[in-house]
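Heads up, the thing below is written out as structure tokens.
The values are calculated or read from the model by the stated rules, or taken from the named source; none is laboratory data. As the structure is a computational prediction, the values presented were derived from the model and not from experiment. Note: ideal-geometry Cβ built from the backbone for every residue, glycine included; neighbour counts use all protein chains shown. To get the accessible areas, we keep the full protein, side chains included, count just its heavy atoms, and leave off ligands, DNA and RNA. Shrake-Rupley method; radii C 1.70, N 1.55, O 1.52, S 1.80 Å.
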Amino acid sequence: MQRGRTTGLAWVFKRSEIQFGKGSKGIRNIGSPLMAEASAVLSAIQHAIELGIRHLHFASDLSSLIKALNSETLSKELHGIQYDILHLSFNFDVLSFNFISRASNKAADVLAKETLRRSRDKQIQRDDEYFDGDNDNDAS
């Protein structure tokens, strides 16, 4: 991932394979897929707390993130965000982090890609407004 680029984050809440909530957002300046996935987990935890969810089982297709979150040691790359996730975990009666295949994580993946597309469209629109606005200067 390149700095300055937008990344789409998404999460889906399910109970017995039935979706009952979801969230997404586009963010900038994420340095790696690991940080992007950790940011999505943090956002999902914050959303779950707002919804009053007390039992939460996370599933991610990024095994290095699952290993880091289940570890007692803070990861160098994730140090701050991992601390935030673990600190917020005290808001839950049950919280677990589990690995799943990418094929099993399709709903969140599709939502993240759609969020990224929408974020890029908005950025392009903002850029167009900036360059095409009431600008009296001529471009050469």
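When the criteria are applied in full, Arg54 fails the requirement of being open to solvent by 30 Å² or more (accessible area, probe 1.4 Å) and within 15 Å of the chain's Cα centre (by Cα).
Can you tell me how many residues within the range 1-43 are touching a helix residue (DSSP H, G or I) at 6+ places or on another chain (Cβ under 9 Å), under 20 Å from Leu95 (Cβ atoms) and in a helix (DSSP H, G or I)? Residues meeting the conditions: 7. Selection within the range 81-119: residues that are at pLDDT 90 or above and closer than 19 Å to Ile27 by Cα. The member of this set that is surrounded by the most Cβ atoms within 10 Å (Cβ to Cβ) is Ile85. Within the range 57-80, the set of residues being surrounded by fewer than 12 Cβ atoms within 10 Å (Cβ to Cβ) and among the basic types (Lys, Arg) comprises just one member, Lys76. From the set of residues in the range 1-50 that are of a type in the set (D, E, K, R) and touching a Ser or Thr at 6+ places or on another chain (Cβ under 8 Å), which is least open to solvent (accessible area, probe 1.4 Å)? Per the criteria, the residue is Glu37. Filtering the range 44-58 to residues that are among the hydrophobic types (A, V, I, L, M, F, W, C) and either under 16 Å from Tyr83 (Cβ atoms) or touching a helix residue (DSSP H, G or I) at 6+ places or on another chain (Cβ under 7 Å) (or both) leaves Ile45, Ile49, Leu56, Phe58.
Only one of Gly21, Gly8 is out of contact with any Gly (no Cβ under 7 Å at 6 or more places or on another chain) and of a type in the set (Gly, Ala, Ser). Can you tell me which? Walk me through how you get there before you give the answer.
Working: Gly8 fails: out of contact with any Gly (no Cβ under 7 Å at 6 or more places or on another chain).
Checking each option against the conditions leaves just Gly21.
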